[in-house]
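Everything on this sheet refers to the single structure shown next.
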Amino acid sequence: MAISNVQVAYPGTRTENLVDLHHPSYLPKYIYEMTQGLLRPHRPKFSETVQPVTRQAQLSRQDYKNWNRFVGALGHQRPSPLTYYNSAGAFGLFELLSQMGINFSTILHLRGDMEFHNPDIKTKVGDLFTLHMHLEDVIEREGQCILVVSGTVRNDRDELIRSHRDYWFVRRCEQKYLDDCVYPKHFSAAPFKGMSKRVAELPKASGTGAEKRSFFLPPSAGHQFAKVSGDYNVIHTTTLGAKLCGQKRAFLQGYGSLNLCLHHINQTLSGDFKEFSMSFCKPVLLSQNLNLWIKDGSFELCDSEDHLLCFGSYTV
């Protein structure tokens, strides 16, 4: 799962101002960008290289409080890595999609991969982080495609903290939009086939060493994670918004689900994460009990009846 090709800063990156999640102008700006993305004519364009983007985020005391409130951290628990880049990441993704002419309503997060670097570097209040993002590849599917978006997070001493690779499914991507694609198409769509029909395996292994950790996902979880990530999309924070998108109720952001799993798995470890990968099969609806099954570097997040919602792997 190594993401070695994104461990350097990208030449030609356009540097923008700090994204301040706590500034009064943040939410109006977020709503504006989201609305523009939803109203944008959907005409994907891959005929020329998408320019990399750079955003910055600064870690505040409130970020720590919001993070601990979201994961339900107690004083005696092992602290988990805080995804302090997310508010900047939202605006970075906004710009990448704008350059590609992709309407926000057509995208779905399929998988998130992370590599953790320099674990001895501890974060503190006031730290400034720079997120570089670029489109690494485009995976073709019949009438659809998957965007491979990679990035790095560096601190203000230019030390590499994390590498990321995210896979975004794009509906309504006809072949005419892909015929002149300049991206190498090195990645395969095979790992994503049949994900929504995948069945949980680890609950069956409960007698052979699989560990089960259960917790309740409160109705406020989407809004709590929005305070950490800056992702205030109404499908995650309101029942009405979710119903307009065909869901029973609001569902947790992809990285919200990932970070909850990361935090709970972290409580079972004695070392630091090196890699963490998570695939999203079905929406993780709020107001429900969840089971997290863990065994030998693999994990599955299920509902109370052990229907699979997400799965992944990690190394330490």
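The values are calculated or read from the model by the stated rules, or taken from the named source; none is laboratory data. Please read all numbers here as calculations on a predicted model, not as lab measurements. Neighbour counts run over all protein chains shown; Cβ positions are idealised from the backbone, glycine included.
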- Query: Looking only at region 1-36, which residues are at pLDDT below 60, among the β-branched types (V, I, T) and assigned to a loop (DSSP other than H, G, I, E, B)?
  - Reply: I3, V8, T13
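Yes/no matrix, rows are residues, columns are (1) of a type outside the set (V, I, T); (2) assigned to a loop (DSSP other than H, G, I, E, B); (3) out of contact with any strand residue (DSSP E or B) (no Cβ under 9 Å at 6 or more places or on another chain); (4) modelled with pLDDT of 90 or more:
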{"residue": "P81", "(1), (2), (3), (4)": "yes, yes, no, no"}
{"residue": "Y84", "(1), (2), (3), (4)": "yes, yes, no, no"}
{"residue": "G92", "(1), (2), (3), (4)": "yes, no, no, yes"}
{"residue": "E115", "(1), (2), (3), (4)": "yes, no, no, yes"}
{"residue": "P119", "(1), (2), (3), (4)": "yes, yes, yes, no"}
{"residue": "L135", "(1), (2), (3), (4)": "yes, no, no, yes"}
{"residue": "T152", "(1), (2), (3), (4)": "no, no, no, yes"}
{"residue": "K185", "(1), (2), (3), (4)": "yes, yes, no, no"}
- If we keep only residues of region 162-201 that are touching a residue at least 60 places away in the same chain (Cβ under 8 Å) and among the acidic types (D, E), then the residue farthest from L258 (Cα to Cα) is D180
- Query: Just wondering, is there one or more residues in region 269-282 that are over 20 Å from the mean Cα position of the chain (by Cα), part of a strand (DSSP E or B) and surrounded by fewer than 17 Cβ atoms within 10 Å (Cβ to Cβ)?
  - Reply: no
- Task: Could you figure out which of (1) within 30 Å of I265 (Cα to Cα); (2) of a type outside the set (K, R); (3) at pLDDT 90 or above; (4) over 21 Å from the mean Cα position of the chain (by Cα) isn't true of G75?
- Result: (3)
- Message: Just the residues that are closer than 14 Å to F251 by Cα and of a type in the set (A, V, I, L, M), please, taken from region 262-300.
- Response: V284, L285, L286, L290
